[in-house]
Amino acid sequence: MKIKRWITGLWIVLLTAAVTQAASPVWKISDGTRHLYIGGTIHVLAKDDYPLPKAFATAYADSHTLVFEADMGQMENPEFAGQMMAQMVYADGTTLESLLTPPTFKDLNQFTAARNIPVAAVNQFKPGMVMVALTLAEIQRLGVGGAGVDEFYFAKGRKDGRPMDFLEAPMDQVAFLAGIGIGQEDEMIAYILRDVEKLPTLLPVMKKAWKTGDNDLLYRETLAPLKKEYPDLYFKLMVKRNLAWMDRIMEMMATPEVEFILVGAGHLAGDRGLLALLKEKGFSAGNL
């Protein structure tokens, strides 16, 4: 499995809404003179999810620079994989079994056994890595383990020689994942198990809503429960990163080149999502 799938697998369960219902997952952001595009993405898709909504091709054709959350090319580097794994496991010999209550560890054991994953394979992982590993295992079991929008356009952009930019460093994402649930392992693992078990029912709803721009539905079914149960995690995962990315996006809006920014759809959500933040700055956000 490519290492970038371990990074981006987390975001498949964190899709959400934009400000209003729309017709596609792509928005044109404008100040009346200059513009750029922002596309909400799903990081892992099935073959029958292609072709992608036409709005992606429209934005790609009208743009000069592709902008991703992080450099997926760097994520393929074996050295990066080693650095990532060093951060995602307990270095002092601690195991999940030693941190979880017996009922929660039993549930984890039963869940992994039902999917032919030895619990020993995840016992040394920190909760963030457990989330990624179990989510990817489940979506692959459901036949949805193919290239997502980001990977598709990263490969296309590289083939076409498009300039590329990135909103954060891959190790920033690793650091975030490594910190998820530390000190709250029992609560977090219990939440992960409940959330992953919903995927067979939730994933078709999410993908249909994503393709048609039904962002209200995406929000209700995904981020709203996370925000309610883990407001601190929601802030760190979505709001804090959105605010950091806004500085970069404002710089891009000031350039003559047209950028096409591709981020997990969750980052376009709610009153602290990128679309709302851009509207607060006076920009228009029209759906393609």
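Report the residue, chosen from F56, F111, F260, that carries the largest GNM mean-square fluctuation when the chain is represented by alpha-carbon nodes joined by springs under 10 Å.
Taking springs between Cα atoms under 10 Å, the residue moving most is F111.
With the cut-off at 32 Å, tell me which of the pairs K28/K240; K47/K281; K159/K236; K207/K281; K54/K198 have Cα atoms farther apart than that.
Numbers: K28/K240 23 Å; K47/K281 38 Å; K159/K236 34 Å; K207/K281 30 Å; K54/K198 29 Å.
As for pairs spanning more than 32 Å Cα to Cα, those are K47/K281; K159/K236.
So if each residue of separation counts as 0.36 nm, and I subtract the Cα-Cα distance between K106 and A57, what length gain in nm does that give? Present the calculation step by step, with values, prior to reporting the outcome.
Working: separation 49, 0.36 × 49 = 17.64 nm, distance 4.70 nm.
Length difference between fully extended and current span is 12.9 nm.
Alpha carbon centre of the range 249-288 versus the range 189-209: separation in Å?
Cα centres, the range 249-288 to the range 189-209: 27 Å.
Given an 8 Å cut-off on Cα distances and at least 6 residues of separation, report the relative contact order of the chain as a percent.
Working: 449 pairs, mean separation 121.8, N = 288.
Averaging sequence separation for qualifying contacts and normalising by length gives 42 percent for the chain.
In deg cm²/dmol, rounded to 500, what helix-only [θ] at 222 nm does the chain give when every DSSP H run of at least 4 residues adds -39500 (n - 2.57) and the total is split over its residues?
Numbers: 16 runs with 149 residues, N = 288.
When only DSSP H runs of four or more count, the value is -15000 deg cm²/dmol.
For the pair A81 and A155, what calculated FRET efficiency results from E = 1/(1 + (r/R0)^6), where r is the Cβ-Cβ distance and R0 = 22 Å, to the nearest 0.05?
Working: r = 19 Å, r/R0 = 0.87.
So the FRET efficiency works out to roughly 0.70.
Within the chain, what is the longest stretch that has no GluC sites (Glu not before Pro) placed in a DSSP loop and near at most 14 other beta-carbon atoms within 10 Å?
Details: sites that count: E76, E257.
The segment 77-256 is the longest one with no such site.
Bear in mind that the values in this text are calculations on the coordinates, not laboratory data. On a predicted model such as this, the values are computed, not experimentally measured, just so you know. Cβ sites come from the backbone with ideal geometry, for glycine too, and all protein chains shown count toward neighbours.
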